[in-house]
1. Would you mind finding the one in B:Glu423, B:Glu517, B:Glu479 that is of a type in the set (Asp, Glu), in a strand (DSSP E or B) and at pLDDT 90 or above?
2. Search region B:444-469 for residues being touching a Pro at 6+ places or on another chain (Cβ under 8 Å) and of a type outside the set (Ser, Thr, Tyr), and hand back the single one that is surrounded by the most Cβ atoms within 10 Å (Cβ to Cβ).
3. Quick check on region A:141-163. Is at least one of its residues of a type in the set (S, T, N, Q), out of contact with any strand residue (DSSP E or B) (no Cβ under 7 Å at 6 or more places or on another chain), assigned to a helix (DSSP H, G or I) and touching a residue at least 12 places away in the same chain (Cβ under 8 Å)?
4. Would you pick out the residues in region A:297-341 that are over 24 Å from A:Trp280 (Cα atoms) and of a type in the set (D, E, K, R)?
5. Any residue in region B:357-368 that is within 19 Å of B:Glu453 (Cβ to Cβ), assigned to a loop (DSSP other than H, G, I, E, B) and in contact with a Pro (Cβ under 7 Å, 6 or more places away or on another chain)?
6. State whether the residues of region B:158-167 include one that is surrounded by 15 or more Cβ atoms within 10 Å (Cβ to Cβ) and out of contact with any strand residue (DSSP E or B) (no Cβ under 8 Å at 6 or more places or on another chain).
7. Has region B:180-203 got at least one residue that is in a helix (DSSP H, G or I) and either among the aliphatic types (A, V, I, L, M) or out of contact with any helix residue (DSSP H, G or I) (no Cβ under 9 Å at 6 or more places or on another chain) (or both)?
8. Suppose the filter is more than 14 Å from chain A (Cβ to nearest Cβ) and within 30 Å of B:Ile17 (Cβ to Cβ); does B:Leu490 pass it?
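The values are calculated or read from the model by the stated rules, or taken from the named source; none is laboratory data. Predicted model, so just to flag it, every value in this text is computed and none were measured. Here the Cβ positions follow ideal geometry from the backbone for every residue, glycine too, while neighbour counts run over all protein chains shown.
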Amino acid sequence: MTEPFGAYVHLPYCPYKCHYCDFNAYRLPRAEGARADMAQAIASEIAQAPGLDASRRVTSIFFGGGTPSLFRPGEIRAIIEALRSRYDVSSAAEVTLECNPGTVDLSSLRALRRAGVNRLSIGAQSFSAETLRRIGRLHTPEETRDAVRAARAAGFNNISLDVIYGLPGEAPEDSLRSVQEAISLGIEHLSAYALELESGTLFGRLAARGELPLPQEEDVVRAGDLVAQACERAGLARYEVSNFARSGRRARHNMLYWHQGSYRGFGPGAHSHLFGRRFWNVSPPGEYLRRVAAGGEAVEDEEVLSPTAQMGEWVYLRLRLSEGFSLASFARRFGRPLDAAYPGVRETLCAQGLLEAVPLWVRPTPKGRWLLHRVAEPFLA
Amino acid sequence: MKGQQDQIRNFCIIAHIDHGKSTLADRLIEATGTLAARDMQEQVLDSMELERERGITIKAQAVRLDYAREGGERFELNLIDTPGHVDFSYEVSRSLAACEGALLVIDAAQGVEAQTLANLYLALEHDLEIIPVINKIDLPQADPDRVRRELQQIGIDPATAVLASAKEGTGIGDILEAIVDRVPPPSGDEAAVLQALVFDSHFDPYRGVVCHVRLVAGSLRLGARIRLMATGAAYEVTDLGTFRPAPTAADALETGEVGYFAAGIKNVRDARVGDTVTTAERGATQPLPGYRPAVPMVFAGLYPSEPSRYDVLREALERLQLNDAALSFEPETSGALGFGFRCGFLGLLHLEIVQERLEREYDMDLVVTAPSVVYTIHYQGGVVERIENPAALQPERGIEEIEEPYVEATVIAPTGYIGPAMELCQERRGQFKTIDYPSPDRAVLTYFLPLGEIMYDFFDQLKSRTRGYASLDYQLIGERPGDLVRVDVLLNNEVVDALSFIVHRDQAASQGRAVCEKLREVIPRQLFDVPIQAAVGGRVLARETIRALRKDVLAKCYGGDISRKRKLLEKQKEGKKRMRRLGQVEVPQEAFMAVLRRGD
């Protein structure tokens, strides 16, 4: 079996920016050809990308953003075609596209399906109309339900919804209701994120001034636990801190990240990881377009991880997974036992109730999952 | 040029902070051609980097000005600079003792302030001729007439005042003439045995200690065998000269002159400010009056953040001490902080300066415990002990009485702010002594106050309650008994010795509460609830709880997040390395200053 390899495509435009979002996303320029230009530049970056990865078999493609569903299906198809000419794309590859309710309909979804997209990740965020307004989303809960129904009609059998809990003014029960609505749509996958405040966002600024009615930490934890229980009851098993899936429906592309796997990113600000080297493109779309036009690549900077940093990162990423990792897999990957690389650490964390005290295996306890950074800290460089 | 005593004038400049002392000194140096304008570093006299930054004079300096008056008569004017902060009042008094006259600089807009008065009284005690200089007359708010009235009220003839603007260079000639005309020349016995007053000293890595001296009687020659009377140690003079302002070598210093000498002295403690230099053989029988050993008033524990840097800290303190006779230190062990030093300082400013120098010049990362004054403890059975560290108090031995140091504080404020100023003194256990009105709109308050009460934030409080108008000066007057108790702080049910502090019994509960609240703010949450308690003799007065951390995980970690988030976590981990582990609790360095900041 070949080692999995992913392609990430970043489509940086949105109709508007949400109050909590600090992604590399920009308002769609008014100029008519903006989307076509971007899609073309990405295709061109793919075609000209240097590197030793051309022969690798691509097992997953992920269109993230921004709002990729703002792009025309033809533009998405062109990018997939570019990937197919540059790489050996597996016929079984998972091809995900992020979309927002209100930006898709049955015909566009059919076209996307025909273009090769076989998985949708829909940004529901909440099923309360009032909450959606408060966090700066322009769609309604009904539009989310419509989008899921249309996707089914278009032939998608692998649908994920994103929801956020711990939103301003929300009690744990409100978060639970949103998630129950999402589950009732019969989806295969759910990502439930605790709200994070980023300094560059409207919410970040309001919170810094104490003007955001944020729930208490205990309530966020309780909301998260209620959400997880509801998912488990509905057959969506937690496999990562914020991710739940039916059997066989884990996000293959995202698993690559948590397995410290290899992937190549295209588009503004996209990150890549190849052979222990992490590098990323310039973020502003304008600069990206200029760089690609001039030379075919747009790398801004890179980071080559030291063996110790790589080891710490590997442990941190694996600990995000519910299954954790086996002591054998660590020893295989780094050539020595975990307890030799980090003497006494596992013991202490078990004693603190942060790691499960199970033989041969390392995985966080429920308490440890909420305090994952404390768990991971001793492993970091 | 040989200094006939008649041609010598020794003077200093005294002023309240920011009234323009340093700028005036610069202009005098420039006007006498001692240094060409282009060579002037702003404010040459404040040569230490720290002094420049803080705009204050820490170490006294001297400079010789050669002044030719119209008609060609030449004079040797020795300007002796004085430290400008109450922490250094003994040093000020020695500088004044080396002079016959003083320029009393008063800001034309601000008028007479607390330090103006304190310095004036000190100068009068030393029988100096006072030349009032009303400075900054260029300011739009300048009101020289008001300042003249204030001068009258403090007993100075306003007609003797010289108007000047050091900034613009006006009045400088008048000041030089006034110095020559009105400051009496020295009148020492040229034939007598050598008596020289050390008014400052500094350590030079090549020459050893360089003493700044005023010759009171006799003369000092290169190669002479001399003795420092306080220590009795004898040396041979290897180098001497005058400051112009750079050290300029000479063969001899004569009676009445001011200059420097080096004699292979290893440590500034052996040539302490105020000491008398005489000849090694058949020297003077009596030292010059006024010598006082350095008495640190404020003590704090200094600990290296990393225990392995203990020896580096000791060496750094030893080296600082070469140049700072007032700094004392002794090894000390704290249950909470490990091995460090209990250091003595003249005051809080002195502490801050030493801390900054250690951090800047020696790259030390320090944990500084809250400063404490010295208490005298009378235990049962007649045993008396002085403690510099609250943790050293042993209540179990039975305490009969605790004495604490007191100061006499002078507060000058506009009459409208006298209420708030008195209120503050009252809150700090002050005993009212007098109130005077040198002018209708100004009052001078004197209070007896415990030093421990004014050490921290008293001046800041005074400033804020009087909108910055009040000024403060104080002098130590001795010890008095007080109803004092030690407040212990317990973290996770264990006493942290480095956090103990001594207060008046009536304030123990409120101060204990304030410290607990402060600690709850600065100590990060742990994986479990951490109780913080303040207790006197086992009786808990205040309690706070740092709630356990429930959530510390980023919701998202995808391709683009990995590098950024790993770095974030690595940085957090780095920050934790700077924390102290007390039992199971990680405590940041600023927690140890919580006792100090309890009033914030």
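1. B:Glu479
2. Selected residue: B:Gly452.
3. no
4. A:Glu323, A:Arg332, A:Arg333, A:Arg336, A:Asp339
5. no
6. Scanning region B:158-167 turns up at least one residue that is surrounded by 15 or more Cβ atoms within 10 Å (Cβ to Cβ) and out of contact with any strand residue (DSSP E or B) (no Cβ under 8 Å at 6 or more places or on another chain).
7. The answer is yes; a qualifying residue exists.
8. no
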